[in-house]
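Presented below is the structure to which this report refers.
The values are calculated or read from the model by the stated rules, or taken from the named source; none is laboratory data. None of the values given here were measured: they were computed from a predicted structure. Here the Cβ positions follow ideal geometry from the backbone for every residue, glycine too, while neighbour counts run over all protein chains shown.
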Amino acid sequence: MTSPALAVTAAALAHEAFGIDATAVPLAGERDWNFRLDVRGKPRYVLKLHAADIADSEVGLYDAVLRHLSRTDVASFTPRLAGEATAVIEGRLRHARLLDWIDGQVWAEAGPPDRARFEALGATVARLDDALAAIDDPRLDRAYRWNMLQAGALAPALAWVDPAVQPFVARAIGPLLAELLPALQALPQQAIHNDANEHNVLVAPDGSIAGIIDFGDVVRAPRICGLAVALAYAQITEIDPVVATLPVVAGYHAERPLTPDELALLPELVEIRLAMSVANAAEQRRADPNNAYLATSQPGVRRLIEQLAREPRALRELRYRDICGYRPVANERKVVAWLESAACQPAPLVRNPPLEAVRSGPAVDLAVPIGEPVHAPLDGVIHGVSPGDDKAHRELALEHRTADGTPFWLVVGPLRTETALGIAPGQPVRRGALLGAAAKAGLRIHVFTARLGRLPAPVETELWQSICPDPNLLLRLPLASLPSPAAPERTRQELARRRRTNLSSALSTSYTEPLHIVAGQGAYLVDADGRRYIDLVNNVCHVGHGHPRVVAALALQAQALNTNTRYLHPNIVEYARRLSATFPDPLSVVLLTNSGSEANDLALRLARTATRREHVLVLDWAYHGNLTSLIEISPYKFNRRGGAGPGPRVRVCEVPDPYRGRFGSDGPRYAADIAAHCAALSEAGTPPAAFIHESIPGCAGQVELAPGYLRTAYAFARSAGALCIADEVQCGFGRVGSHMWAFEEHGVVPDIVTLGKPIGNGHPIGAVVTTPAIARRFVTGMEYFNTYGGNPVSCAVGLAVLDVLRDERLMAHAAAVGAELGRGLRALAERHRLIGDVRGRGLFLGVDLVEDRATKAPATAAAKRVIEAAKRDGVLLSLDGPHDNVLKIKPPLVLGHEEARHAVAVLDRALSGS
């Protein structure tokens, strides 16, 4: 323990060694003396005086670790070494280290943690592990009392461990560790922090992790050991420690994915760390009985040891696997696959058809007469008989095995077994053998893939599904008498968690608190609570969510036929005819795909095949789709985080943006960029194949192309022999109000047009429309075939969308409602200086938010606040543009005048609050 006198000494040392005038405030420590240094009343530094007996090499390792971390992306939440010195204190030489202070409360004093804080803890430890992995220092392998791989060396401390927990500690650091060591040593090893306990983790006021401190315990070990340390101490204060802290594992896994082999070790590693804590504390208290810090965690550790004794180890592993997105029971797939296979031929459990079969959670209940004989469906062994031995109302558990020896268990009851022979644990049972008779007018049947000692809570749906697969795999009852299990209902939080584990984290969700949307109608979306939102974003459901004519067309054709295009069918012919009729000459040939991305990829193939060239001109901040070929030509992707820049075949041209561009509304001046690139490519002997553009660039910020730009750009591109491709994936099908296709406003006719999104009102369709000459050059002998593109169902949907657009006059409707919406937005701009520009046509609008109208500095943070506020008020918006500061508005075309006026009012309130 440090004393007031030592605090005075520490303050003097801070002045002499580091030139800091501060007040020293003692902090707790296991071996070192630690002091907070307050400068002018505010914490600024930590002064650490290492234990006198610490080796120089250990101090050197500590310094090396901190210096390394200061150069990584974890520097913001790890201590920075601000100074080094040595001093003689109380007659002994000590190493002194000055560290920058990190603001935050220690975890133990920051209040009850919620799921988000637990998840943040796991993620932070993972990021720290990632940074530490680059350290390769032989001093990491020193003999050290807190290295989990060396826990066996603590055996002498058992003599001073409380007898109440001594058996637990002895087992953990003895036979349990010995059993785990081969698997641990087979894992990759690295430097780990090794001490993310409740006093070394700092929490910020908003609940995020502010810092991880104290790197004196850093060692080389498998990274799962470091996670086990964090998990062990996070569990100490929890009533249901394993379930409550599962987000720690999830948070780690999201940053640095954990393997099944690592997760299999985690339950025992938590126990070993707890045992080490008890043993170390007992030995250190014997040597330093006055150091209260050594007993800080011990009451919680003792309680946790008792709680874990009631939690089966196998169930803990299943929970860890589940939270990381693995099937909880690893062997479940083997069992289910074998039960579904022809190799499995079960005998009937009951010879007479049951009167009724009902699913009851993971079980199946059969209504049978009392006394109905019950037979073993497969060869097996009696695993258990319960309860008692009165031969009435007994439940039998039979162990069976798949062809490869994987065990599973059938549990059936209640039975009377006095008529059956050899019904005792361990007794072999042959397929079809009599097990007994129904003791009641009903039987309950479970199939288990694991025997756990204690089952999970009923709400743990995924665990139950894995532990208890469908019993009908064995019963083989007709589905007419036993319908398939219903999909489990999940809360918003459960859906978000499952999405993070079984879907790639590269998939994002909208809004800080994602919406759980369950229905759509017209221009509205409906969440799981029944709340309706005006949808100003979804340009996919072009003619309205759930339009009855589109739904009916899909259902009727799906009921009749769905196949590929190698057969004659009227739908594809009629759809190609109707679609091409909406385009100006000579655009008359249609190729069908499944998406706008596929359409743009096919357009590139057409252009490159027709011109026998490779290079493509694109507009800056363009986005043309998610295929590899399209990421290469999408600056919105390749110039942002994670992107690799343009490929060698791509030339990026300036966006002709009347609001932010260099030349204002002078379109031809921007087109000089096209001419320059064409000239440079031609001079290099690689003239361009195509110039591709969105007719209204969306991801660039809902930009209306400057007048005259496309005419001039097309002329330059075509003079160099390039084809012109108009991407109408977002803005086509009458959305602009004045024309069916947005390029028509500019008085040009492209060589190729690509379509997607609204083409099927949410059904996956895409299309390329081109000229007969270009289509003919694509006939090279290599067949174009798309398994689903142009199938009868998709074409029926496409025809229905065209019918609705015509019959409901939605293009004219878009013009009228869009004009009213635009007027409302421009009126808002007169009251809110946050609005720099309102632009667009029809129902394809953008609102550019700025911090200052003179400089046009993007108001990114304010834009995020606006869309969140609008969401809370029942209107859905999203952001686009290079700086994510443009509100994009592209609702279903059925948006009404009343909804438009209401949306403007909501946006007015949202802007007022930002």
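Scanning segment 648-669 for residues that are farther than 24 Å from L849 by Cα and surrounded by 14 or more Cβ atoms within 10 Å (Cβ to Cβ) yields R649, V650, R651, V652, C653, P668, R669. For segment 564-584, taking the residues that are modelled with pLDDT under 95 and part of a loop (DSSP other than H, G, I, E, B), the one that is nearest to the chain's Cα centre (by Cα) is identified as N564.
Listed by position, the helices (runs of 4 or more DSSP H) contained in segment 454-555 that have at least 2 residues being within 28 Å of K888 (Cβ to Cβ) and not assigned by TED's automatic domain parsing to the domain that holds D365 are 492-502. When G216 is tested against (1) at pLDDT 95 or above; (2) buried (at least 23 other Cβ atoms within 10 Å of the Cβ); (3) of a type outside the set (K, R); (4) not in a helix (DSSP H, G or I), exactly one condition is not met: (1). Hey, any hits in segment 336-358 for a residue that's in contact (Cβ under 8 Å) with a residue 40 or more places away in the chain, in contact with a His (Cβ under 9 Å, 6 or more places away or on another chain) and closer than 26 Å to R497 by Cα? No, segment 336-358 has no match at all. When L507 is tested against (1) closer than 30 Å to A123 by Cβ; (2) modelled with pLDDT of 95 or more, exactly one condition is not met: (2). Within the option set A829, A800, A775, A854, being outside the structural domain of A599 (by TED's automatic domain parsing), in a helix (DSSP H, G or I) and out of contact with any Leu (no Cβ under 7 Å at 6 or more places or on another chain) holds for one residue only, A829.
Do we have L495 as in contact with a helix residue (DSSP H, G or I) (Cβ under 9 Å, 6 or more places away or on another chain) and of a type in the set (A, V, I, L, M, F, W, C) here? No: the conditions fail for L495.
Of the numbered criteria (1) surrounded by 21 or more Cβ atoms within 10 Å (Cβ to Cβ); (2) free of Cβ contacts under 8 Å to residues at least 60 places away in the same chain, the one E898 fails is (1). Number of residues in segment 430-454 that are within 13 Å of G371 (Cβ to Cβ) and among the β-branched types (V, I, T): the value is 0.
Examine segment 168-190 for a residue that is within 22 Å of R67 (Cα to Cα) and of a type outside the set (G, A, S), and state whether such a residue exists.
yes
Among the residues of segment 710-738, the ones that are over 40 Å from the mean Cα position of the chain (by Cα), outside any helix (DSSP H, G or I) and either of a type outside the set (A, V, I, L, M) or not assigned by TED's automatic domain parsing to the domain that holds R776 (or both) come to 2 in all. Close contacts from segment 522-539, counting a first residue that is exposed (fewer than 15 other Cβ atoms within 10 Å of the Cβ) and a second that is not in a strand (DSSP E or B), with Cβ to Cβ under 6 Å and a gap of 6+ residues or different chains, come to D527/L515; D527/H516. The single condition among (1) surrounded by 24 or more Cβ atoms within 10 Å (Cβ to Cβ); (2) of a type in the set (A, V, I, L, M); (3) out of contact with any Phe, Trp or Tyr (no Cβ under 8 Å at 6 or more places or on another chain) that A196 does not meet is (3). Going through segment 93-112 one residue at a time, which ones are surrounded by fewer than 19 Cβ atoms within 10 Å (Cβ to Cβ) and closer than 16 Å to T9 by Cβ? Hit for segment 93-112 is L93, nothing else. Note on segment 747-790: residues that are buried (at least 24 other Cβ atoms within 10 Å of the Cβ) and among the polar types (S, T, N, Q) amount to 3. Restricting attention to segment 823-858, the residues that are over 25 Å from G737 (Cα atoms), free of Cβ contacts under 8 Å to residues at least 40 places away in the same chain and not charged (D, E, K, R) total 5.
How about segment 66-80: which of its residues are assigned to a helix (DSSP H, G or I) and either at positive phi or touching a strand residue (DSSP E or B) at 6+ places or on another chain (Cβ under 7 Å) (or both)?
Filtering segment 66-80 down to residues assigned to a helix (DSSP H, G or I) leaves 66-69, 75-77.
Of everything in segment 66-80, those that are assigned to a helix (DSSP H, G or I) and either at positive phi or touching a strand residue (DSSP E or B) at 6+ places or on another chain (Cβ under 7 Å) (or both) turn out to be L66, R67, F77.
Condition first: within 19 Å of L308 (Cα to Cα), β-branched (V, I, T) and touching a Leu at 6+ places or on another chain (Cβ under 6 Å). Can you find one or more residues in segment 162-169 that meet it? No, that holds for no residue. Cβ-Cβ distances below 7 Å connect the following pairs, each with a first residue in segment 457-475 that is surrounded by fewer than 18 Cβ atoms within 10 Å (Cβ to Cβ), a second residue that is in a helix (DSSP H, G or I), and a separation of six or more residues or different chains: L473/V336; L473/L339; L473/E340. Considering (1) at pLDDT below 95; (2) surrounded by 24 or more Cβ atoms within 10 Å (Cβ to Cβ), the lone condition that F691 does not fulfil carries the number (1).
Residues of segment 107-161 that are of a type in the set (D, E, K, R) and under 21 Å from P241 (Cβ atoms): E109, D114, R115, R117, E119.
Only a single item in (1) outside any strand (DSSP E or B); (2) in contact (Cβ under 8 Å) with a residue 12 or more places away in the chain; (3) within 16 Å of I674 (Cβ to Cβ) is not met by E745, and it is number (3).
No other residue among V618, V589 is modelled with pLDDT of 95 or more, in contact with a Pro (Cβ under 8 Å, 6 or more places away or on another chain) and more than 23 Å from V779 (Cα to Cα) apart from V618.
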